[in-house]
Amino acid sequence: MATEIRVPTLGESVTEATIAQWFKKPGDAVSADEPLVELETDKVTVEVPAPAAGTLENIVVKEGDTVEVGALLGAILEGAAAAAPAPAKKEEAAPSSSDALKSAEPVSVVVPSAGESVTEAEVGEWFVKVGDAVKADDTLVELETDKAAQEVPSPVAGTVIEIAQATGSTVEPGNLLCKIAPGEGAAVSTPAPAAAAAAPAQPAASSPAPSTSMPPAPSASKMLAEKGLSPDQVAGSGKRGQVLKGDVIAAVASGISAAPAAQAAPVVARAPSSPEDEVREERVRMTKLRQTIARRLKDAQNTAAMLTTYNEVDMKPVMDLRKQYKDIFEKKHGVKLGFMGFFTKAVTHALKEIPAVNAEIDGTDIIYKNYAHIGVAVGTDKGLVVPIVRDADQMSIAEIEKEIGNLGRKARDGKLGMADMQGGTFTISNGGVYGSLMSSPILNAPQSGILGMHKIQERPVAMNGQVVIRPMMYLALSYDHRIVDGKEAVTFLVRVKESLEDPQRLVLDL
């Protein structure tokens, strides 16, 4: 039976790729998950693994051809990779366990593709060790990218016979993680070679700009020529250090000089600790997610002309509405009526009136978004993530609450994918759930606005000439002053306040 090899999904907005190189030729034997061909996009290179074991029957496209997602690449004739061993004669002794191991080809577990623009990951915690028996879909290891953590499941039941990457190693999609001998009672190889192999891999991966004989990707070569640059000036992030189009874009944005490096966060000399203090200290490796959070927040401060404006909102109308309808709402829609639905809806109404807050700067252009993809900041034990409620302006409050609930569960369970966190146009951050009374949120670049919600606290306020006690919340809008004027920012926040203090405006679309 022939199994088709097709171009996999390459990430959001990526619809085509170029055939970089074939690792096999027709007639070659292949194992399941063995890399067959390398595809190149303008963002990343991806290795396509064999969907089954057998013989590569044919190749439909040649190196240099451009193919679309889902296009046929070739076919594998299953079961033809190796001839079945001759049956043992009846008078011969039963095969030994080592012979059985040889006949059962180990299954290689490789680093999966993590999505658009994600070219590497860091090996986190291993949940198994050499010699452990595993079941199909058991979690083997956790990989950390700069966007999220990803668990790698076992493709088969069997025994772990080799671990190729140590915790802390940097790996790329397609790199070998471990090998599993399928079936029970498989013999175990000595773990020492695996550890030795993993050890040199880490320094090599951490090298900032390894030399490479790989020519730049075609799209990168074109841009290098347009910008008058040489490949030596750009650090490649592709396979074997290949320079990709995204690398050239990043280099041009940084000015390709020593200045960007000098502007990086300075390394502050650590004050020496006394011997009695050192034994009470704990050094913990910073995850790639936390490193990315730190870098992106600092970049936002360095790049945008960030300013924050404040206001306060009387939450009594929304709280009364929730109290009156929360039981009916939950019974009908199967989700609790929270505050985020009201805030998200109020934000989308204000964005329609003040489109600059929903725009972003691209060079000397302003890109106005005629849609509202609202990011909702969620704190997890691994760091802050911002999943996206897409087309929130077209959703009802019930639909928004359901989507926020689904994204929140996925975030806490570590199940968020790249598509869940890309493409946001505006962000809402709710520090009030932790008790924050007031703060100045930092922009989620390249967005131009972020709304900070805070704790609801009863305060005396003057209303109609009288002092009354009302449940009040401070609101903070941080915005990029390069694109949003002060008048627009203040007006936006006032519109959010008006919608929350008079929720009927949301229903009537006022």
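The table below lists the values:
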quantity	calculated
Lys pairs, segment 292-397 - Cα-Cα below 19 angstrom, 8 or more residues apart or on other chains	13
Net lengthening on full extension, Asp138/Ala235 (0.36 nm per residue, minus Cα-Cα)	31.2 nm
In nm, spacing of pseudo-spin labels at Glu16 and Leu321 (7 Å Cα→C-beta vector)	4.8 nm
Selection from Pro471, Pro503, His481, by position along the positive dipole direction of segment 453-510 (Cβ)	Pro471
Virtual spin-label span in nm between Thr9 and Leu437, 7 Å along Cα→Cβ	4.7 nm
Stretchable slack from Asn406 to Thr292, in nm (0.36 nm times residue separation minus alpha-carbon distance)	38.6 nm
Spacing of the two label points (7 Å from each Cα toward its C-beta) at Ser396 and Val156, in nm	5.0 nm
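No lab work stands behind these numbers, since they all come straight from the coordinates. Fair warning: this is a prediction, and the values are worked out from it, not measured in the lab. We place every Cβ from the backbone using ideal geometry, glycine too, and count neighbours over all the protein chains shown.
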